[in-house]
Amino acid sequence: MLKKRLVFTLLYDSGSFMLSRNFRLQRVGDINWLQSNYDFAKIAFFIDELIVLDVSKEKKDIGKFCETLKLLTAGCFAPIAAGGGVRSIEDARRLLHSGADKIVINTPLFTDNILVENLAKEFGEQCLVGSVDVIKTSDSGYAVVTESGDSRLSESAADSLLALVRQPIGEIYLNSIDQDGTGQGYDLSILTLLPKICPIPIILAGGIGNAKHLAVGFLDDRVDAVATANLFNFVG
């Protein structure tokens, strides 16, 4: 059995790092603040992977994001996945050249299958992490949300995920918007949205408030890795 992984996620917005609650963002500090308060060269020994997402609502500046990524990854030996706004092979290549080991894609998973296929051909399926944000709907079902939370797919989340697992990606980062930043634990019911036989490893995210919540995720056979974006609550 493969070792289950602990993943930390950093959220970047127009030069600052953020905390998120139900996709509402609160500024924490810039890269200088982050480097002054958190030594990722040391943190890397206690996590299995770091994910850095550009969640900027305004027009994304991939050049600035890449420069920040270079500073962040210096001396950090944990594998790093980065994404947010990837819309071309060149976008992905720039992130990889800036220190990322994997590319995270979200909206194109549901809007641009050709791009996903081309990214897989260029960099390999294992280089792609499919990020999926789900939200509860009024009829107690779930839907997938794209475009940093601004757009909701009309089909059910289960149908969206059924189509997703047929795409050439190496992992799925499955995040609950309703639990995001609440500290109330994972919504394990979103795992039932996946096909009964899911060939792609699952990173579960959204809701971590303490170590017990992480343990619940680790103990679920459907989960291959657990993630928290509230990194600042756990360092130390």
Handout entry: Top of I43, I197, I169 by mean-square fluctuation, Gaussian network on the chain, Cα under 10 Å
Key = I197
Problem - In region 48-174, lysine pairs with alpha-carbon atoms under 20 angstrom apart (chain gap of 8 or more, or interchain) - result: 5
Handout entry: Net charge of Cβ neighbours under 12 Å - reference R152; Lys, Arg +1; Asp, Glu -1
Key = -3
Exercise for the section: Find me the longest stretch of the chain that has none of the exposed chymotrypsin sites (Phe, Trp or Tyr not before Pro), where exposed means in a DSSP loop (not H, G, I, E or B) with at most 15 other Cβ atoms within 10 Å. Expected result: 78-236
Practice task
Would you mind getting the accessible area per residue of the chain, heavy atoms of the protein chains only, 1.4 Å probe, in Å²?
Solution key: 47
Problem - For the chain, built as a Gaussian network whose Cα springs stay under 10 Å, the top-fluctuating residue of L219, L193, L25 - result: L219
Fill in the blank from the handout: So the carbon and sulfur contribution to the accessible area of the chain, 1.4 Å probe, in percent, is 51
Practice task
Among the GluC sites (Glu not before Pro) in region 91-169, which ones are in a DSSP loop with at most 14 other Cβ atoms within 10 Å of the Cβ? Mind listing them?
Solution key: E155
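The values are calculated or read from the model by the stated rules, or taken from the named source; none is laboratory data. From a predicted model like this one, the values you see are computed outputs, not experimental measurements. Heads up, the Cβs are rebuilt from the backbone with ideal geometry, glycines too, and the neighbour counts pull from every protein chain shown. Just the protein is used for accessible areas: all its heavy atoms, side chains included, with ligands, DNA and RNA removed. Shrake-Rupley method; radii C 1.70, N 1.55, O 1.52, S 1.80 Å.
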